[in-house]
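Enquirer: I have a structure here, written as structure tokens, and I will follow up with some questions on it.
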Amino acid sequence: MATRINIVSYDPGWIESFERESRQLKDRLGHLQLRVEHIGSTAVEGLGGKPIIDIMAGVEESALDSVTEPLLEMGYCYYPCYEASVPERRFFARLNELQRKVFDDAARLPAHDEFPHTHHLHVVAYGSLWWKRHLAFRDYLRTHSMARDAYHRMKKKLAKGTWESVNDYTDAKTGFIRSIERLIELMR
């Protein structure tokens with residue numbers, strides 16, 4: 001089923017939405033020494049994006065699988081279908097009008113248009129490569145307005161198309177992201 005991507009202008013309210021969710025996560029999972037970071041486009045002032053709050057939660061690697069039940073109880077949906085391609089991450093989402101579902105089959109996911117996502121939660125091992133890469137990319141865009149603005153323009157252009165899935169749109173951004181990651185490596 002084809003999907004459209006909605007890129008909106010930066011909204012300062014995204015920070016408050018992240019902070020509210022972060023407090024809830026820490027209250028529920030604080031016993032795991034949870035570290036919570038705002039990532040993705042909604043974490044970069046001035047950068048437009050899909051109006052979905054991306055959150056990265058870091059835990060000890062041994063605790064990755066212990067977050068599932070508490071997050072389902074909080075109303076998150078869980079996507080183990082993505083773990084074959086990204087085994088170091090546990091992915092959860094808040095969907096309007098859909099809670100506590102477990103999606104084992106990527107071919108049978110609910111349509112984004114029908115059940116819009118409000119929050120994406122990526123649970124990874126604190127200090128892992130996944131953790132470091134996402135923070136470095138966010139921080140680079142926060143401090144390099146030309147890169148931020150180029151990323152925004154690219155996303156708006158990509159959003160004009162129709163995609164088989166949101167994952168296809170995400171994959172189309174990979175080249176840009178990898179080029180920024182290479183710049184970050186050169187700066188070290």
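The values are calculated or read from the model by the stated rules, or taken from the named source; none is laboratory data. Note that the structure is a prediction, hence the values are computed from the model and not measured. Using ideal geometry, Cβ is built from the backbone for each residue, glycine included, and neighbour counts are taken over all protein chains shown.
Enquirer: If you go through segment 148-178, how many residues are in a helix (DSSP H, G or I), of a type in the set (D, E, K, R) and under 21 Å from Leu129 (Cβ atoms)?
Expert: Total satisfying the criteria: 2.
Enquirer: Also, I was wondering about something else. Report, by residue number, each residue of segment 77-110 that is surrounded by 15 or more Cβ atoms within 10 Å (Cβ to Cβ), in a strand (DSSP E or B) and hydrophobic (A, V, I, L, M, F, W, C).
Expert: Passing the criteria: Cys77, Phe91, Phe92, Ala93, Leu95, Leu98.
Enquirer: Looking at (1) assigned to a loop (DSSP other than H, G, I, E, B); (2) surrounded by 19 or more Cβ atoms within 10 Å (Cβ to Cβ); (3) of a type outside the set (Gly, Ala, Ser), which one does Asp113 not meet, given that it meets all the others?
Expert: Looking at each condition in turn, Asp113 falls short on (2).
Enquirer: A further question on this structure: Of the conditions (1) at pLDDT 95 or above; (2) more than 13 Å from the chain's Cα centre (by Cα); (3) within 21 Å of Leu141 (Cβ to Cβ), Leu29 satisfies every one except a single condition; which number is it?
Expert: Among (1) at pLDDT 95 or above; (2) more than 13 Å from the chain's Cα centre (by Cα); (3) within 21 Å of Leu141 (Cβ to Cβ), Leu29 violates only (3).
Enquirer: Still on this model: Find the residue count for segment 7-54, including only residues that are part of a strand (DSSP E or B), among the aliphatic types (A, V, I, L, M), in contact (Cβ under 8 Å) with a residue 40 or more places away in the chain and in contact with a Ser or Thr (Cβ under 8 Å, 6 or more places away or on another chain).
Expert: Summing the residues that are part of a strand (DSSP E or B), among the aliphatic types (A, V, I, L, M), in contact (Cβ under 8 Å) with a residue 40 or more places away in the chain and in contact with a Ser or Thr (Cβ under 8 Å, 6 or more places away or on another chain) in segment 7-54 gives 1.
Enquirer: Which residue pairs have Cβ atoms under 8 Å apart, sit 6 or more places apart or on different chains, and have a first residue in segment 58-72 that is on the phi < 0 side of the Ramachandran plot and a second that is polar (S, T, N, Q) and outside any helix (DSSP H, G or I)?
Expert: So the pair list comes out as Gly58/Ser128; Val59/Gln33; Glu60/Gln33; Glu61/Ser128.
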